[in-house]
1. Enumerate the calculated ³J(HN,Hα) couplings along the stretch 56-72 in order (Karplus 6.51 cos²θ - 1.76 cosθ + 1.60, θ = phi - 60°), each rounded to whole Hz, writing x wherever the residue is Gly or Pro.
2. Between Gln170 and Lys185, with labels modelled 7 Å along Cα→Cβ, what's the label distance in nm to one decimal, could you check?
3. Please report the orientation-averaged projected area of the stretch 29-184, defined via the convex hull of its C-alpha atoms, in nm².
4. Subtract the Cα-Cα distance of Thr51 and Ile93 from 0.36 nm times their separation in residues, and report this length gain in nm to one decimal.
5. Amide H neighbours of Gly135 under 5 Å, at least 5 residues apart or on other chains, H built in the peptide plane: list them.
6. Pull up all non-local amide H partners of Glu72: gap of 5 or more, or a different chain, and H-to-H distance under 5 Å with H placed in the peptide plane.
7. Step through the residues of the stretch 135-146 one at a time and calculate ³J(HN,Hα) from phi using the Karplus curve (6.51 cos²θ - 1.76 cosθ + 1.60, θ = phi - 60°), rounding each to whole Hz and writing x for Gly and Pro.
8. Can you list the residues, at least 5 places off or on another chain, whose amide H is less than 5 Å from the amide H of Lys77, using H built in the peptide plane?
Amino acid sequence: MKKFAILLGLIILVTVSACKKHDDHDDDHDHENELITSVKLHFIDSVTNDTFSFAWRQPAGPGTAISVDTIELMPGKSYTGLVEFWDESKSPIENITEEIKSAANEHRVVYSSTTTRIQTAITDADSNVPPIELGLKFNAITNATGSETGIYQVVLRHYTSSSPKTGGLQNGSSDADVSFPIVIK
C-alpha cells in the first residue's frame, strides 16, 4: 500500500508539473496584463527640438498614491511624441516599453483629450497585414489660437488570441489607463 501511495504521488506530481510547464510557455502569448506603475510622455518641439516630459506615477502599485504632472504645451506648435511604460515596483525598475514593442501585435496605445486644442496622430504600427497602429510614437499638433485646459488620456490596450487586436478597440483589456491634466496656453 505504501508503494502504491508513493507511485500515485509521483504520477500526480509529474502530471501537475507537465501542466504547469505548458501554461508557462503558452505559444499564443495569452498572459496576464503587465504591471505598469509609471507612464512617461515626451513631446519634442518640431522647430526647436526642445523636449517636454511629463509623468504619471504610482510607484508602489495599484491602490497607492498617484502623482501626475500637468502637460503644458504652447498653442500653434507641432510635436513629435514618445510614450514609455515602466514597472517601478521591481528592483531594478523595468522598462516595459521594449516588451510592448516586441509584442506590437498584442498592444495598442490610444490617445484622447477632452480639449479640442490638441490632435494626436499615431506614427508607428505593428506587423499585421494591413498594419494596425501601435502608438509608442505619435505626432501632436496644438491649435494656433486660444488656450484651454482639459484631460489627456493614455490607454495601453492588451490583446490575446481569444480577443485579438484585429477585432478593434473593443477587444482586449487595459494594461494602463491614465489621465494627465493638460493646459494649452
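Values in this text are rule-based calculations from the coordinates and carry no lab data. A quick note: this is a predicted structure, and the numbers were derived from the prediction, not measured. Neighbour counts are summed over all protein chains in view; Cβ atoms, including those assigned to glycine, are modelled from backbone coordinates with ideal geometry.
1. Values per residue, Gly and Pro as x: 10, 9, 9, x, 8, x, x, x, 10, 4, 10, 10, 9, 7, 8, 6, 10 Hz.
2. About 4.1 nm, to one decimal.
3. Values: hull surface 38.9 nm².
With every direction weighted equally, the projected area is 9.7 nm².
4. 12.8 nm
5. Long-range HN contacts for Gly135: Val109, Thr123, Asp124.
6. The answer is Val183.
7. These are the phi-based 3J(HN,Hα) values: x, 6, 10, 7, 10, 10, 10, 9, 4, 6, 10, x Hz.
8. Thr142
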